[in-house]
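Only one structure is covered here, and it is reproduced in the block below.
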Amino acid sequence: MIKRKLLYSKEVTLDDDKKIRLEYNMTESLDSGNEKPYYGIQIIKNLEDNFEMDEVRGISFSREKVEKVAKILFENIVTPISMVEIVDDLITLEVV
């Protein structure tokens with residue numbers, strides 16, 4: 001079972017005055033072999049009738065670490081299309 005919690009949302013106005021709504025969610029999953037939940041991040045992008053979503057599950061068992069990653073993504077207006085690479089870099093470089 002996966003739980004989702006909205007951490008941040010932001011509306012961004014593009015050059016052509018269209019508005020994008022971004023939602024940054026934390027996911028919580030339970031592994032059948034482990035009682036401890038692991039956390040991930042999901043970003044949802046809405047632009048008019050277009051919907052885009054991507055997520056990275058199982059980033060860490062630390063809720064605080066995943067919240068820090070989500071905050072960095074939010075502050076830098078990361079969209080779903082580039083999220084996976086950026087999360088990988090943040091974790092690999094141990095930025096958080």
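Coordinate-derived values only; no laboratory data. Worth saying up front: this structure is predicted, and the values here are computed from it rather than measured. Backbone-built Cβ (ideal geometry, glycine too); neighbour counts: all protein chains shown.
The Cα center of the range 7-21 and the Cα center of the range 33-93 differ in position by 18 Å. For the chain, a Gaussian network of Cα nodes joined below 10 Å ranks LEU22, LEU14, LEU73 by mean-square fluctuation, and the top entry is LEU14. Partner aspartates and glutamates whose Cα lies under 15 Å from the Cα of LYS18, excluding those fewer than 8 positions away in the same chain, are identified as GLU48, ASP49. Taking Lys and Arg as +1 and Asp and Glu as -1, the other residues whose beta-carbon sits under 12 Å from that of LYS36 total -2. Highest mobility in the GNM of the chain, judged by mean-square fluctuation with C-alpha springs under 10 Å and restricted to GLU35, GLU52, GLU67, is found for GLU35. Placing a label point 7 Å from the Cα of SER60 along the Cα-to-Cβ direction, the residues of the range 1-44 whose backbone N falls under 12 Å from that point are 39-41.
Which angle between 0 and 90 degrees, to the nearest 10, do you get for helix 80-92 versus the longest principal axis of the chain when only C-alpha atoms count? Helix 80-92 sits roughly 40 degrees off the main axis of the chain.
Relative contact order of the range 1-92: 23 percent, from C-alpha pairs under 8 Å at least 6 residues apart in sequence. For the chain, the longest principal axis of the Cα atoms and the long axis of helix 63-75 meet at an angle of about 10 degrees.
Here the chain is treated as a Stokes sphere of Kirkwood radius computed over C-alpha pairs; at 20 °C and 1.002 mPa s its diffusion coefficient rounds to 155 µm²/s.
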